[in-house]
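Here, each number is a calculation from the coordinates, and none is a lab measurement. On a predicted model such as this, the values are computed, not experimentally measured, just so you know. Cβ: placed from backbone, ideal geometry, glycine included. Neighbour counts: every protein chain shown.
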Number of protein chains: 2
Amino acid sequence: MQRSLFQWPRRTWDQQGGKYMESSCGSVLWFTGLSGSGKTTTAQHLYKLLKAEGRSVELLDGDELRTAICRGLGFSREDRLENIRRIAYVANLLSKHGVTVLVSAITPYREMREYLRKHVAGYVEIYVKCPLSVCEARDVKGLYAKARRQEIRMFTGISDSYEEPEQADIVIDTVHQTVQDNVLHITEKINDINHLAFSGGKLGLAREQAAVGKADKIGKTDKADKGTRGATGSAAGVGRLPGGDR
Amino acid sequence: MQRSLFQWPRRTWDQQGGKYMESSCGSVLWFTGLSGSGKTTTAQHLYKLLKAEGRSVELLDGDELRTAICRGLGFSREDRLENIRRIAYVANLLSKHGVTVLVSAITPYREMREYLRKHVAGYVEIYVKCPLSVCEARDVKGLYAKARRQEIRMFTGISDSYEEPEQADIVIDTVHQTVQDNVLHITEKINDINHLAFSGGKLGLAREQAAVGKADKIGKTDKADKGTRGATGSAAGVGRLPGGDR
């Protein structure tokens, strides 16, 4: 299978024309990492950037999807796999219609990510790297404390494993880099390989923000961005499952 | 809430301009009816017509969705409701990005359809009317026979109720009308109210097919169209649940 990183805009080889053609399909940028690592925060920043560019873009948040299409699934290995398969199904449906899809979900097992690489068209794996100790110190949702007190069981990093990605397309560091730096890194990384411009204006803006160094680290922006979380239209209009994705 | 029938292309009132503006959102055409009534067959014909017009269109089939995002749900009232809520969630996501969504799902309870009318943007309810006796005589999938032998329980029409729609936007008759007639009826019905052209060419084709009277009744076309059923991209690539939607 062709490496997905070359697919933003995805390209297919036109046999007759003897050149690459832009595909009308979108890409699926999948953020994997521990709870509190900064997946959603980074995805939200990238979402805004792509949106401002006029792209058709959707942010699928693991927590929201748990409520919307995965009610009843628990946190056993099999249930977690099913959870990821369903998100993949929805991501594929959107991508098929030209939507760039950002997914923020822990996706803790290697098996899941192998599944995604195989079944999700235009899959780009972004590992949001952050040590457990830092995630736990941030503990934005207070879940690590609960997990330590065993009020939550099967919590990734504490009582369930996170198998570190070994072949992520992009790795970002949310401890030493700002959100702006990371978003810039993602866009550049894709562009470098793609040899296709991410398009002038907004990339310039990303560079500018990174240069100014508005040091938005995860803990801070997570709170500041709370209001923008519902980027995905919620049909059910119901609340989050207590604890959400874990 | 504004009647959804006026929303294809959906229109929103532009206060400043003092006129209706076309919305970039798609509509959700929801086919409800008994198993074997002709929901999927009709939806497939309409799908092809819209596709040929260059529209971004998706067909969500109740059977396929049962496997893709509803595995584990049964046929109790609560599970059936959850099933419909999930399809609605996916339909909304697609519609939000300008996709015209056709849904083929039994949707047996009034409560469900009230939910949809309230929560699905651009919802158009199409009641695929066909007497139980005719559906049972067709029995394309052999499910009615199984239900009569009680090998399948909680089967709509036999051992679970189908509450006839009382406020469907469009009603089609699959006993006395051909598929072509019905598709034409749907497009005309929407256009009549919308006062917006469904656009020349393909509507002409639909008229022509209806006039020629290629008498494709449901039993026949259901079989003939088997190969085109997988209009929805299946991420999981897994088979149908035995029995599917019921």
Margin query: I want to check the label-to-label distance for A:ASN191 and B:ALA145. Put each point 7 Å from Cα in the C-beta direction and report it in nm to one decimal.
Written below: 6.3
Check: Which residues in the stretch B:71-87 have a backbone N closer than 14 Å to a point placed 7 Å from the Cα of B:GLN167 along the Cα-to-Cβ line?
Finding: none
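Which of A:PHE31, A:PHE155 comes first, and how do the rest follow, when ranked by fewest Cβ neighbours within 10 Å? Could the numbers behind the result be given before it?
Numbers: A:PHE31 29, A:PHE155 20.
Fewest to most other Cβ atoms nearby, the residues stand as A:PHE155, A:PHE31.
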Next item on the list: May I ask you to evaluate 6.51 cos²θ - 1.76 cosθ + 1.60, the Karplus curve with θ = phi - 60°, for each residue of the stretch A:31-37 and list the ³J(HN,Hα) values in order in whole Hz, giving x for glycine and proline?
Entry: 8, 10, x, 4, 4, x, 6
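Run through the stretch B:43-149 and list the chymotrypsin sites (Phe, Trp or Tyr not before Pro) located in a DSSP loop whose Cβ has at most 15 other Cβ atoms within 10 Å.
none
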Note to self: Within a 10 angstrom radius of the beta carbon, how do A:LYS146, B:LYS118, A:LYS39 rank from fewest other beta carbons to most?
What the structure shows: B:LYS118, A:LYS146, A:LYS39
Note to self: Treating the point 7 Å from Cα along Cα-beta-carbon as the label, what are the nm separations from A:ASN191 to the other copies, to one decimal?
What the structure shows: 4.6
Checklist line | Across the identical copies, how the B:LEU132 labels are spaced - nm, sorted shortest first, 7 Å along Cα→Cβ | finding: 5.8
Margin query: Cut-off 17 Å, label point 7 angstrom out along Cα-to-Cβ of A:SER159: give me the residues of the stretch A:67-105 whose amide nitrogen falls inside.
Written below: A:74-80
Next item on the list: Quick one: net charge around B:ALA68, please, counting Lys, Arg +1 and Asp, Glu -1 for every other residue with C-beta under 9 Å from its C-beta.
Entry: +3
Next item on the list: Kindly write out, for the stretch A:55-60 in residue order, the coupling ³J(HN,Hα) from the Karplus curve 6.51 cos²θ - 1.76 cosθ + 1.60 (θ = phi - 60°), rounded to whole Hz, with x marking Gly and Pro.
Entry: 6, 7, 9, 9, 10, 9
Check: Taking the axis about which chain B rotates onto chain A, which residue of B lies nearest it as judged by Cβ position, and how many whole Å separate them?
Finding: B:ILE69, 2
Margin query: List, shortest first and in nm to one decimal, how far the label point of B:ALA145 (7 Å from Cα along Cα→Cβ) is from its counterparts in the other copies.
Written below: 6.4
Notebook entry, point to check: Under a 5 Å amide H to amide H cut-off, with H placed in plane at 1.01 Å, what residues pair with A:SER56 once short-range neighbours are removed?
Noted result: A:THR100
Margin query: With 10 angstrom as the radius, rank B:MET154, B:MET112 by how many other C-beta atoms surround their C-beta, starting from the fewest.
Written below: B:MET154, B:MET112
